[in-house]
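The values are calculated or read from the model by the stated rules, or taken from the named source; none is laboratory data. Values in this document were obtained by computation on a predicted structure and should not be read as measured data. Cβ placement follows ideal geometry from the backbone for every residue including glycine, while neighbour counts extend to all protein chains displayed. In case anyone asks, the SASA skips ligands and DNA or RNA and just uses the protein heavy atoms, side chains included. Shrake-Rupley method; radii C 1.70, N 1.55, O 1.52, S 1.80 Å.
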There are 2 protein chains.
Amino acid sequence: MVSINDVAKKAGVAKSTVSKVLNNYSLVSEETRLKVEKAVEELGYVPNSVAVSLSKKVFNRVGLIVDIRHNSQFVDEISMQYLTGAFEKAKEYQIEVVTFFSSQFDEMNYKQVTAYLKSQRINCLIIYNLSIENKNLYKIIEKQEFNCVLVDSPITNDRTSSVSLDHFSAQYEVAKKTLEENIYIDRVLYIAGGAGGYITNRRLDAMRKLQEELDFELIVEYGDFNEYKAREITFKNGEKSNAIVCASDLMAIGAVFALIEMDIYRPVCGFDGIRLMGYTKIAMNTVKQNFNLKSKQAFDELKKLLDGEKGQHTEIPYEVCKIDYMDVIQK
Amino acid sequence: MVSINDVAKKAGVAKSTVSKVLNNYSLVSEETRLKVEKAVEELGYVPNSVAVSLSKKVFNRVGLIVDIRHNSQFVDEISMQYLTGAFEKAKEYQIEVVTFFSSQFDEMNYKQVTAYLKSQRINCLIIYNLSIENKNLYKIIEKQEFNCVLVDSPITNDRTSSVSLDHFSAQYEVAKKTLEENIYIDRVLYIAGGAGGYITNRRLDAMRKLQEELDFELIVEYGDFNEYKAREITFKNGEKSNAIVCASDLMAIGAVFALIEMDIYRPVCGFDGIRLMGYTKIAMNTVKQNFNLKSKQAFDELKKLLDGEKGQHTEIPYEVCKIDYMDVIQK
DNA sequence: TTGTAAGCGTTATCAT
DNA sequence: ATGATAACGCTTACAA
């Protein structure tokens, strides 16, 4: 492995000088800069990131915490988009990232998690879909020992930013549009996410507002973002409701397939705008969001935190629409 | 951050002794071992993995190279399963992993790629679906500077193992089963993967064997594992063929949806057994494989290489079946 | 069995 | 503007 010493020797300077060139210090003559750059080029030298990380006073390494504990399978699609978005930004900013699955932290306590993260020199976190059961992560956010960006959880503090769409208005819009497309709506089944979750409550609020406005009976059941549960809930409550609003596309798919088996029709709408929707060939309203972009934005927010800005909330755009097979497969 | 020095101080021993305890050296008295372990426990000490990596003579860090350049979208599902499988094994073996997307290496030359990997202290690679265009990776495998495990590419040498199913017999079986379920088969459209790829060729061989046996005309088109291309190919050749065999489920879905639009029926079979299949509600034969398990097996093979074994080829099981919605959503 | 000290490849603080 | 040198946190001869 070619090291900084090799470069220094070849360029005929001290390794500290090489380091200065590499980190573009101002106080270095044009002549030596060229010598060093030539040596770097010729040797194909790339700094050892491990050594850099160990030696640097401030070194940023971000942990991406992805939640894949949902029983449903197609969280894959979303998680993968989150990861690719973050990876691209990481490359752009030249910041190292490490991927974790939140289930890894389940058996640990708060102290263990922080020790574990710090032992990997991680000082920043991007947490996707923080779930309410994860007490450790909540505590980490609260204690502000790490710079955090939360995707789809509305917590902010000095060192914590959040990025999400406006769950209230999005849920309101998609539900309203779906209900208004139909004539008699006097009883609506709302299949919510996980009981007590932030976004779940925000969306529930939206449903309650709509309920007041449109004056229907609202049945609320918790499907935990799980399509199988949504299916069961639909079997139980589908008949007596005349529309079903779901807090995720996956649950909406579960509901629609249940309805088909029950051989009844009810308008259904989802939330997320996953591509899987296109494959089911069921045209239903949903809230379409760009997960890749959301993740990139989260990274941008993280960068701001690293640059000394205080944590803030950022809202991202969404679109109420139907997911079409051709749109999904085209690109 | 609590370091090895803190532990040493607290336990009243030298830091080298702490290190010995941590790495379970034999020559350490029970008494000091206990003292050290107590201190570690009380301080919640976790070794700094960056420092460990820098100082260890042999330190294993594996790069997971995932290919997401396919235009088709649902490679997500497969890649994510690969990643989770590898991550679980990494935790089990206590080996660090770093994720890369192969597209990152596109603009680099061979020297740059190796320098880049080495600068991150990576000495092992698990390469998923090595595509034929990736000259750099081929050269890396050939030069044997890294321990490599290839998933679904049949190259092996002293430091390279491969893990895959038997593409020849799997393709043969699924195609045969599909064709035999139907009566008149005299012209078969085979939508292959990427021209020149290893697995593509193996599968083509299987189709040729079947062609000889069943005596039909074989039309071969390359769909590049892309569902859109498969769709176009089907529009062009679907009518004149009386069965379509596809080298991936995604292409099979593209073909079936095209057939539906053409309003004709042709038996179609796929390859991979992705869960997405269950959502399309189209029952078609496919080769089902467990990607998560395959990735785990690849990691096991990597471990063997690290333990000094020579590279070898391992075959994994598969099953010819149909993917059912209920199986997909149940779990 | 334990401790001392050199080394891993960098950065950063001093002198010069 | 450049070069020694100490530090980063750990492992590992080697000495005791």
Being hydrophobic (A, V, I, L, M, F, W, C) and in a helix (DSSP H, G or I) is the filter; apply it to the range A:40-50 and report the residue that is nearest to DNA strand C (Cβ to nearest atom).
A:Val50
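Results for (1) closer than 25 Å to A:Arg121 by Cα; (2) more than 7 Å from DNA strand D (Cβ to nearest atom); (3) not assigned by TED's automatic domain parsing to the domain that holds A:Asn123, shown as yes or no for each residue.
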site: A:Ala8; (1), (2), (3): no, yes, yes
site: A:Lys20; (1), (2), (3): yes, no, no
site: A:Glu31; (1), (2), (3): no, no, no
site: A:Ser55; (1), (2), (3): yes, no, no
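Among the residues of the range A:102-128, which ones are surrounded by fewer than 14 Cβ atoms within 10 Å (Cβ to Cβ) and within 16 Å of DNA strand D (Cβ to nearest atom)?
First, the residues of the range A:102-128 that are surrounded by fewer than 14 Cβ atoms within 10 Å (Cβ to Cβ): A:106-109, A:111.
Correct list: A:Lys111 only.
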If we keep just the residues of the range A:275-326 that are open to solvent by 70 Å² or more (accessible area, probe 1.4 Å) and under 20 Å from B:Lys281 (Cβ atoms), which is farthest from the other protein chains (Cβ to nearest Cβ)?
A:Lys322
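Here is a list: A:Asp215, A:Asp186. Which entry is open to solvent by 60 Å² or more (accessible area, probe 1.4 Å), farther than 20 Å from A:Pro154 by Cα and in contact (Cβ under 8 Å) with a residue 40 or more places away in the chain?
Details: A:Asp215 fails: in contact (Cβ under 8 Å) with a residue 40 or more places away in the chain.
Selected residue: A:Asp186, the only one of A:Asp215, A:Asp186 that is open to solvent by 60 Å² or more (accessible area, probe 1.4 Å), farther than 20 Å from A:Pro154 by Cα and in contact (Cβ under 8 Å) with a residue 40 or more places away in the chain.
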Quick check, is A:Val2 within 13 Å of chain B (Cβ to nearest Cβ), away from DNA strand D (no atom under 11 Å from the Cβ), touching a Phe, Trp or Tyr at 6+ places or on another chain (Cβ under 6 Å) and without any contact (Cβ under 8 Å) to a residue 60 or more places away in the chain?
yes
When you check B:Met80 against the structure, is it within 13 Å of chain A (Cβ to nearest Cβ) and either part of a loop (DSSP other than H, G, I, E, B) or within 16 Å of DNA strand C (Cβ to nearest atom) (or both), yes or no?
no
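Looking at the range A:194-236, which of its residues are within 14 Å of chain B (Cβ to nearest Cβ) and closer than 26 Å to A:Asp263 by Cβ?
Start the filter on the range A:194-236 by keeping residues that are within 14 Å of chain B (Cβ to nearest Cβ), which leaves A:223-235.
Once the filter is applied, which keeps residues that are within 14 Å of chain B (Cβ to nearest Cβ) and closer than 26 Å to A:Asp263 by Cβ, the range A:194-236 yields A:Gly223, A:Asn226, A:Glu227, A:Tyr228, A:Lys229, A:Ala230, A:Arg231, A:Glu232, A:Ile233, A:Thr234, A:Phe235.
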State which residue is nearest to B:Arg61 (Cα to Cα) when the search covers only the range A:1-39 and only residues that are more than 10 Å from DNA strand C (Cβ to nearest atom) and open to solvent by less than 40 Å² (accessible area, probe 1.4 Å).
A:Ala39
Somewhere in the range B:66-76, is a residue over 30 Å from A:Asp76 (Cβ atoms), in contact with a Lys or Arg (Cβ under 8 Å, 6 or more places away or on another chain) and open to solvent by 30 Å² or more (accessible area, probe 1.4 Å)?
no
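What do you reckon, is B:Lys111 more than 7 Å from chain A (Cβ to nearest Cβ) and basic (Lys, Arg)?
Considered against the rule, which asks whether it is more than 7 Å from chain A (Cβ to nearest Cβ) and basic (Lys, Arg), B:Lys111 comes out as no.
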Note: among A:Val62, A:Val46, A:Val58, A:Val2, just one is under 25 Å from B:Leu54 (Cα atoms) and at pLDDT 95 or above, namely A:Val62
